[in-house]
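Quick notes on the structure that follows.
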Amino acid sequence: MAENLLILGGTTEASALCRALAEREITATLSLAGRVDRPLRQPLPQRVGGFGGVDGLARYLVENKVSHVIDATHPFASAMSHNAVAGCAQAGVPLIALTRAPWTPEAGDDWQNVPDIAGAVAALDRPAARVLLAVGRMHLAEFAPNPQHFYLLRLVDPPKAQLSFPDYHVIVDRGPFSVENDLQMMRDHRIDLVVSKNSGGTGAFAKLAAARALSLPVLMIDRPAMPQRAEAHSIDEVLGWLAHSGVNQAGVDLGV
Ligand code: 3Y8
Ligand code: NAP
């Protein structure tokens, strides 16, 4: 079968999958939303920008004769993942998600789990603190109701608009991050509370290891609900799924 994969990307795992597919000379395209100014270049052809909802995605799949879709988006990219399930069903294209397990607290962690961003905002209704708000840019405006805090913000790109609280400092940096970097950053800014999405994976974990080392409390935001779909938790599982559906992988004897 002439395979033609679509990878919905934007994560560490998606990048690793792109490298694995390129090495096997499997025809695939990486898709990004276009959230940041200069996304990392991956070793596959790529397209940037939304598809235009479920119908736009279904149309893209049919017009581009996509044979398989791998949803390797971030666990908080729930709209894309819902659209992927509906769009692939509509176009009759097989779909698997490549995802990572949520983080779980270990001995020495002081986590307060909140259900979503609004839950984190509500939990910040407390006396002034020095907060590491490492949740990115897209939801910053929702944190306006608690101007009493100092916020340390880590963003991929410099903010383009006025931020919605008075006392903050912006660090422009892209992950994956190291524990020593995050320890130094949190000491330098005298951080006493960390707000984090439960993203899982390795690229965003450093701040939690640093919080543990500094015995700091963490407001941990649970990930949004995901639709029912086939899920893989490793590149090998995805490659096995592809081989099972007849995708020939250069240099790999399928024995069929
Ligand atoms: C555009 C594509 C790779 C992928 C690397 C991962 C790891 C480093 C850690 C902190 C947390 C945060 C944020 C984060 C991490 C990886 C991964 C991850 C968290 C890039 C990228 C895109 C994005 C989008 C961006 C969001 C933001 C979220 C920053 C590329 C760099 C906070 C999520 O300014 C904006 O608009 C940023 C938007 C969505 C969340 C938000 O709400 O603001 N990621 N991140 C993708 C696209 O256009 O489709 O440039 O390569 C990818 C990565 N960011 O190839 O190695 O896999 O998670 N990304 C979170 O987890 O909390 C930073 O600072 O501690
Ligand atoms: P989202 O809220 O689930 O999706 C909103 C819309 O953005 C989608 O309906 C789709 O537009 C478009 N979109 C999202 N991902 C896309 C992709 N990979 N390719 C093409 N269009 C895409 O998504 P999000 O949370 O903003 O995440 C956007 C991107 O950043 C994703 O690639 C994700 O993997 C990455 N990312 C997100 C986070 C996070 O914390 N949310 C963290 C790290 C990386 P249409 O409806 O027009 O098709």
Here are the criteria: (1) touching a residue at least 12 places away in the same chain (Cβ under 8 Å); (2) in a loop (DSSP other than H, G, I, E, B); (3) under 21 Å from Leu155 (Cα atoms). Tell me which single one Gly50 does not satisfy. (3)
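For the range 54-74, enumerate the residues that are more than 8 Å from ligand 2 (Cβ to nearest atom) and either closer than 21 Å to Asp222 by Cα or part of a helix (DSSP H, G or I) (or both).
Here is the first cut: in the range 54-74, the residues more than 8 Å from ligand 2 (Cβ to nearest atom) are 55, 58-71.
Hits for the range 54-74 are Asp55, Ala58, Arg59, Tyr60, Leu61, Val62, Glu63, Asp71.
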Could you tell me how many of the residues in the range 1-58 are surrounded by fewer than 20 Cβ atoms within 10 Å (Cβ to Cβ), among the acidic types (Asp, Glu), within 15 Å of ligand 1 (Cβ to nearest atom) and closer than 19 Å to Ile235 by Cα? 0
Among the residues of the range 90-121 satisfying the criterion of being in a loop (DSSP other than H, G, I, E, B) and touching a Ser or Thr at 6+ places or on another chain (Cβ under 9 Å), which is farthest from Ser199 (Cα to Cα)? Val93
Every residue from the range 123-132 that is surrounded by 13 or more Cβ atoms within 10 Å (Cβ to Cβ) and either outside any loop (DSSP other than H, G, I, E, B) or without any contact (Cβ under 8 Å) to a residue 60 or more places away in the chain (or both): Ala123, Arg130, Val131, Leu132
For Leu193, work out the one condition from (1) away from ligand 1 (no atom under 15 Å from the Cβ); (2) crowded, with 16+ Cβ neighbours inside 10 Å it doesn't fulfil. (1)
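Specify the residue that is nearest to ligand 1 (Cβ to nearest atom); the eligible residues are those in the range 135-162 that are part of a loop (DSSP other than H, G, I, E, B) and of a type in the set (Gly, Ala, Ser).
Residues of the range 135-162 part of a loop (DSSP other than H, G, I, E, B): 135-139, 144-149, 156-162.
Those still in the list that are of a type in the set (Gly, Ala, Ser) too: 136, 144, 161.
Details: Gly136: 2, Ala144: 16, Ala161: 11 Å.
Among residues in the range 135-162 that are part of a loop (DSSP other than H, G, I, E, B) and of a type in the set (Gly, Ala, Ser), the one nearest to ligand 1 (Cβ to nearest atom) is Gly136.
Among the residues of the range 3-28, count how many are more than 24 Å from Asp157 (Cβ to Cβ) and touching a Lys or Arg at 6+ places or on another chain (Cβ under 8 Å).
Our first condition is that a residue be more than 24 Å from Asp157 (Cβ to Cβ); within the range 3-28, this holds for 3-6, 17, 19-28.
Those still in the list that are touching a Lys or Arg at 6+ places or on another chain (Cβ under 8 Å) too: 4.
Matching residues across the range 3-28 total 1.
Bear in mind that the values in this text are calculations on the coordinates, not laboratory data. What you see is a predicted model; the values in this text were computed from it and never measured. Heads up, the Cβs are rebuilt from the backbone with ideal geometry, glycines too, and the neighbour counts pull from every protein chain shown.
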